[in-house]
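The values are calculated or read from the model by the stated rules, or taken from the named source; none is laboratory data. Nothing here was measured: the structure is a model prediction, and the numbers come from that model. Quick reminder, even Gly has a Cβ in these numbers, built from the backbone with ideal geometry, and neighbours come from all protein chains shown.
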Amino acid sequence: MLSCAAPSRDSYGDASVLFEQSAPDPTSWFCVRTHPKHEHIAAAQLRQESDVEVFLPRVKYRRRTRSGLAWVSEALFRDYLFARFEWQSALRRVRHARSVREVVHFGDRWPTVPAQAISQLRAAMGNTELRLIEGGLQPGDAVQIAEGAFCGLEAVVTRVMPAKDRVAVLIEFLGRQTTIELGREQLSHSADRESLRVRVPVWESVEGRVL
């Protein structure tokens with residue numbers, strides 16, 4: 001999985017894999033943390049800087065709302081985006097851009113994301129920043145229950161009932177397998193985001209202080 005933040009949470013990087021880079025590239029990719037749900041605003045602001053390249057991978061999918069099913073878009077990595085810039089000349093401007101909370105760093109170490117990892121993620125996204133996730137489910141698909149009493153449990157689709165917009169899934173609960181029926185909106189397809197994950201073997205890092 002492509003990791004991009006502090007080491008204490010599941011989707012973030014592990015600081016133990018940092019290594020010092022004695023001669024960093026003139027420009028490098030950094031992970032930028034934004035204010036909650038402001039990724040698109042931060043990206044638009046940073047794109048106004050001619051020497052900053054921005055990559056904000058997003059997904060679009062259908063979600064149940066009060067008005068029924070609706071298409072929604074959100075960042076693949078919530079509250080994060082990637083920016084490529086020259087560390088010494090642009091770091092201060094990036095850190096103080098609108099809707100940017102911080103450029104990810106550990107003390108005076110500023111980890112970079114390898115360019116190869118960005119290329120792999122772009123390829124997984126289909127060389128676009130917006131990936132459409134189709135909502136169809138088929139028997140045998142692995143899903144996660146997103147709402148209700150069984151929220152968080154993994155399940156396998158056994159039957160799809162389009163007319164009722166419901167799905168029968170098999171779950172393991174209290175040591176036994178049980179089949180239950182759930183609304184399609186209560187399920188998330190495990191492959192949706194799994195297919196977009198990119199493994200980054202190491203962080204690169206730039207060691208220094210902000211002037």
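If you take the residues in the stretch 144-200 that are polar (S, T, N, Q), surrounded by 15 or more Cβ atoms within 10 Å (Cβ to Cβ) and modelled with pLDDT under 75, which one is nearest to Arg122 (Cα to Cα)? The extreme case among them is Ser190.
Candidates are the residues of the stretch 1-42 that are assigned to a strand (DSSP E or B) and more than 20 Å from Ser119 (Cβ to Cβ); the one that is modelled with the lowest pLDDT is Glu20.
Looking across Ala115, Ala83, Ala70, one residue alone is at negative phi, in contact with a Phe, Trp or Tyr (Cβ under 7 Å, 6 or more places away or on another chain) and exposed (fewer than 15 other Cβ atoms within 10 Å of the Cβ). It is Ala115.
Per this entry, Ser89 is not counted among residues that are within 20 Å of the chain's Cα centre (by Cα), of a type in the set (Ser, Thr, Tyr) and either outside the structural domain of Gln48 (by TED's automatic domain parsing) or surrounded by fewer than 16 Cβ atoms within 10 Å (Cβ to Cβ) (or both).
Of the set (1) buried (at least 19 other Cβ atoms within 10 Å of the Cβ); (2) in contact with a Pro (Cβ under 7 Å, 6 or more places away or on another chain), all apply to Val103 but (2). Out of Gln138, Gln45, Gln120, one residue alone is modelled with pLDDT under 95, in a helix (DSSP H, G or I) and either of a type outside the set (A, V, I, L, M, F, W, C) or surrounded by 19 or more Cβ atoms within 10 Å (Cβ to Cβ) (or both). It is Gln120.
For the stretch 101-108, indicate whether the set of residues that are assigned by TED's automatic domain parsing to the domain that holds Pro57, over 21 Å from Glu39 (Cβ atoms) and not hydrophobic (A, V, I, L, M, F, W, C) is non-empty. Yes, because at least one residue in the stretch 101-108 is assigned by TED's automatic domain parsing to the domain that holds Pro57, over 21 Å from Glu39 (Cβ atoms) and not hydrophobic (A, V, I, L, M, F, W, C).
Among the residues of the stretch 95-111, those identified as assigned to a loop (DSSP other than H, G, I, E, B) and in contact with a helix residue (DSSP H, G or I) (Cβ under 6 Å, 6 or more places away or on another chain) are Ala97, Arg98, Ser99.
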